[in-house]
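For reference, the structure discussed in these notes is given below.
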Amino acid sequence: MRPIFTSAGKFRERAALWALDLLVFVAFYTTYYYMRVESGWFAVPLVPDYWAPMIVSYIYWLGIFLFFGLYRPWHARSRVDEWFSLFKAVSFGCIVLFFAVFLDDLNTGAPPASRMLVFLYWFLLLVSLGAARMFLRSARRRLLQRGIGLQNAIIIGWNDTARELHDIVMKHPALGYRPIGFLKIDRRKRGKDYKGTPVLGYLDDLLDIIRTRSVREILIALSTADHDKLLDIIAICSSVDVRLKIMPDMYDIISGQARTNQIYGFPLIEIMPDIMQPWEQSAKRLMDIAASFIVLILSAPLWIAIAIAIKLDSKGPIVYSQERVGKDRKLFKMHKFRSMQADAEKATGPVWAPEKDDRVTNVGRFLRKVRLDEIPQFINVLDGDMSLVGPRPERPFFVEKLSKEIPLYMRRLKVRPGITGWAQVKQGYDRNIDDVKSKVRYDLFYIENMSLRMDIKIIIYTFYVMIAGRGQ
């Protein structure tokens, strides 16, 4: 049976949640409207409309739930985790409504009872949505126990630990995994299958098997002698959409780059998890959009001045566009004000810029020092290809080259590239492979510690670099 949690499966999962929430919300609002207006339990000086407030309320709650990540894939979360996530989202939304009603009551002189209705609203909404989602999760768990909706998983390792992991996964189908095979690390070990689950190959075959077998989960059970292979596994999987989990007894070798998950009571350790909470990711994107609009509008007169300066200084286009690799290896055109001579790499091909680059124009050198050459990249941020803060996007030529030379380099492609980043404020332009390796360390540190607080810190550092003219 094909796994249903591919991209199309994830869309169906979200669509089912949206449809469920919509139906439950209509039932909830109808009940609340009857209790508030028709029951006679509360004074109603003016009978409100039914449809318009319900539609506006649903749009409001849809935004709240998206902000809190309640429509993200949730197959690996328990019902208790789902309940607490819903509790936080509903409570936050109702607190906002409470203060909105409070301010309105101050202006209109309405009695305090109208504010108390918010608590009734909160209780009914939480109970109705919570019960519906718990029912949906329970139903899905029963489907998993019958083998419906399981995700293809590979167990890496061919030892007692790997076979024990296989038995546990087969015993607990509610975990959502279907082990389709083992991968051996040591070619000298014998054995072709275990309880009907075959050995599919060796570690060198991992990438091909992931792509051809629609694998979504990698379960790692290495022996002590094979611990050094873990970085190789992470590097291979960095370029594909899979989740990695290991047995708990290997936790000491991950150096903090892991998160322990309790999935239906079964402990696994997730490697390279998403660090930012859903609300932080939503807030980060909102900050990107708002800042880009403001910068592009306020910098409009500056565009004219820069365009004139570039044209007077050298021949060529005002804005230079170049293909870069973004999140999940997506290619996009990154825009910059041209700071080099036209066709600067025509004779050499892709190269790193030396410290004193003769190809940089006089105007370009100034633009680079104060980082004004990067203003057009706010268009990329609006398009969603970039963020304000993140690892700098690299060209496809260098991505292919560096991914072979630097372990975990492809991990950078798990997040949106940024106009500025931790590596940019700590180090200058890349001049050689050693500079790149140093920057990758900064990028990985940022990825493993992503937060709004850190983004704001990096933006403040960037302003300092601009004002001090320390750009290159």
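The values are calculated or read from the model by the stated rules, or taken from the named source; none is laboratory data. From a predicted model like this one, the values you see are computed outputs, not experimental measurements. Glycine gets a Cβ as well: all are built from the backbone with ideal geometry, and neighbour counts include every protein chain shown.
Residues in the range 396-414: is at least one assigned to a helix (DSSP H, G or I), over 23 Å from Ser238 (Cα atoms) and either hydroxyl-bearing (Ser, Thr, Tyr) or outside the structural domain of Ser238 (by TED's automatic domain parsing) (or both)? Checked the range 396-414: no residue is assigned to a helix (DSSP H, G or I), over 23 Å from Ser238 (Cα atoms) and either hydroxyl-bearing (Ser, Thr, Tyr) or outside the structural domain of Ser238 (by TED's automatic domain parsing) (or both).
On inspection, Asp81 does not qualify as in contact with a helix residue (DSSP H, G or I) (Cβ under 7 Å, 6 or more places away or on another chain), at pLDDT 70 or above, charged (D, E, K, R) and surrounded by 12 or more Cβ atoms within 10 Å (Cβ to Cβ).
Do we have Phe98 as surrounded by 13 or more Cβ atoms within 10 Å (Cβ to Cβ), at pLDDT below 85, out of contact with any strand residue (DSSP E or B) (no Cβ under 6 Å at 6 or more places or on another chain) and under 24 Å from Thr30 (Cβ atoms) here? Spelling it out, Phe98 is indeed surrounded by 13 or more Cβ atoms within 10 Å (Cβ to Cβ), at pLDDT below 85, out of contact with any strand residue (DSSP E or B) (no Cβ under 6 Å at 6 or more places or on another chain) and under 24 Å from Thr30 (Cβ atoms).
Restricted to the range 239-250, and to residues there that are surrounded by 17 or more Cβ atoms within 10 Å (Cβ to Cβ) and modelled with pLDDT of 80 or more, the residue that is nearest to Arg329 (Cα to Cα) is Val242. If you go through the range 327-344 and keep only what is modelled with pLDDT under 90, buried (at least 19 other Cβ atoms within 10 Å of the Cβ) and outside any loop (DSSP other than H, G, I, E, B), you end up with just Met340. The residues of the range 202-234 that are without any contact (Cβ under 8 Å) to a residue 60 or more places away in the chain and touching a Lys or Arg at 6+ places or on another chain (Cβ under 7 Å), listed by number, are Tyr202, Leu203. The sole residue among Arg324, Arg368, Arg359 that is at pLDDT below 90, surrounded by 15 or more Cβ atoms within 10 Å (Cβ to Cβ) and within 31 Å of the chain's Cα centre (by Cα) is Arg368.
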